[in-house]
Amino acid sequence: MESTLTASEVCAAAKCPPSSLRAWQNRNGLFPHLAKDGGWRRYTLSDAIGIRLVVLLTERGFAAQEVVNLVNAMRPNLEMAAQGYAPFVGIGRSEDSGSLEFRELKWTGKVLDDLGWFKDPVVISVDLGRITNEVVFLIGEMRDGGDAE
């Protein structure tokens, strides 16, 4: 796989309309590291994983700005997911800040205890490995389909 992806590739792989990606970037500040310098934006696999996570969480009812802030904070974790280390994470609101936060969930038999730090009744766990595999598969399928024509 090429080291960078086009906007159309990440939108297809993340199951995201291009208009939503533009809004999240321009209005909500998604991926400030991708500031546009008069040219086309290029994305990495970790960016595509992050976009898919934004899609999934906004579909669950979380506010776009909160999700964008969370995904921007998760950037190092998304980069690790793109390299193969993709844990389960818990997402919810902590009692301290009230904003969305994440924590890696350890499979030690007490995952529910690990989720106890959330005050929000909407707490979800996310399998970054599954999201990564889905995104990689869709990118590969898209690129293979283009070679066959």
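The values are calculated or read from the model by the stated rules, or taken from the named source; none is laboratory data. It should be emphasised that the depicted structure is a prediction, and the values quoted were computed from it without experimental measurement. Virtual Cβ from ideal backbone geometry, glycine too; neighbours counted across all protein chains shown.
Number of residues in segment 45-84 that are among the hydroxyl-bearing types (Ser, Thr, Tyr) and farther than 18 Å from Ser3 by Cα: the value is 1. Candidates in segment 18-69 are the residues that are among the hydroxyl-bearing types (Ser, Thr, Tyr) and not in a loop (DSSP other than H, G, I, E, B); of these, the one that is farthest from Val89 (Cα to Cα) is Ser19. Residues in segment 21-36 that are at negative phi and crowded, with 17+ Cβ neighbours inside 10 Å: Leu21, Trp24, Gln25, Asn28, Leu30. For segment 118-141, name all the residues that are at pLDDT below 85 and either under 15 Å from Leu5 (Cα atoms) or over 22 Å from the mean Cα position of the chain (by Cα) (or both). Correct list: Lys119 only.
Which residue is surrounded by the most Cβ atoms within 10 Å (Cβ to Cβ), if the candidates are limited to segment 37-53 and must be without any contact (Cβ under 8 Å) to a residue 40 or more places away in the chain and within 25 Å of Val123 (Cα to Cα)?
It comes out as Gly50.
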